[in-house]
Amino acid sequence: METRAIHVKNLRALTNVELDEKAKELKKELFNLRFQFVSGRIENPAKIKQARREIARLKTILREKQKGVSGQAAGGGV
């Protein structure tokens with residue numbers, strides 16, 4: 001859990017362009033993983049889920065930056 005928090009901090013430090021590029025890379029990776037899954041050559045099917053969540057995390061951070069919302073305030077909603 002602690003490694004993800006560090007990872008999110010690193011992602012928040014990236015610019016919008018860098019986040020877009022990283023998302024494109026992850027989408028290509030997800031495509032390749034899905035292709036491997038269909039052909040039966042994938043070693044770890046859980047990587048598909050990890051890639052999807054990573055893309056969602058990137059999109060969330062990118063949207064927060066576009067809206068001007070800080071990362072700490074975006075988490076709470078009560």
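Each reported figure results from applying straightforward, stated rules to the coordinates on display, with no laboratory input. Model, not experiment: these values are computed from the prediction. Backbone-built Cβ (ideal geometry, glycine too); neighbour counts: all protein chains shown.
Net charge within 15 Å of Ile42 by Cβ-Cβ distance, Lys/Arg positive one each and Asp/Glu negative one each, not counting Ile42 itself? Spell out each step's value before the answer.
Details: positive: Arg34, Arg41, Lys47, Lys49, Arg52; negative: Glu29, Glu43.
Charge balance near Ile42 sits at +3.
How much length would be gained if the chain were fully extended between Asn10 and Lys22, taking 0.36 nm per residue of separation minus their Cα-Cα distance, in nm to one decimal?
On the way: separation 12, 0.36 × 12 = 4.32 nm, distance 1.23 nm.
In short, 3.1 nm is gained.
Between Lys67 and Glu29, what length in nm is gained on full extension when 0.36 nm per residue of separation is reduced by their alpha carbon distance?
Values: separation 38, 0.36 × 38 = 13.68 nm, distance 2.77 nm.
Gain on stretching Lys67 to Glu29: 10.9 nm.
What does the charge dipole of segment 2-66 about its Cα centre add up to, to the nearest 20 debye, if the Cβ of each Lys and Arg holds +1 and the Cβ of each Asp and Glu holds -1? Intermediate results must be reported in sequence, preceding the final value.
Details: 17 positive and 9 negative charges, 48 e Å.
Rounded to the nearest 20 debye, it is 220 debye.
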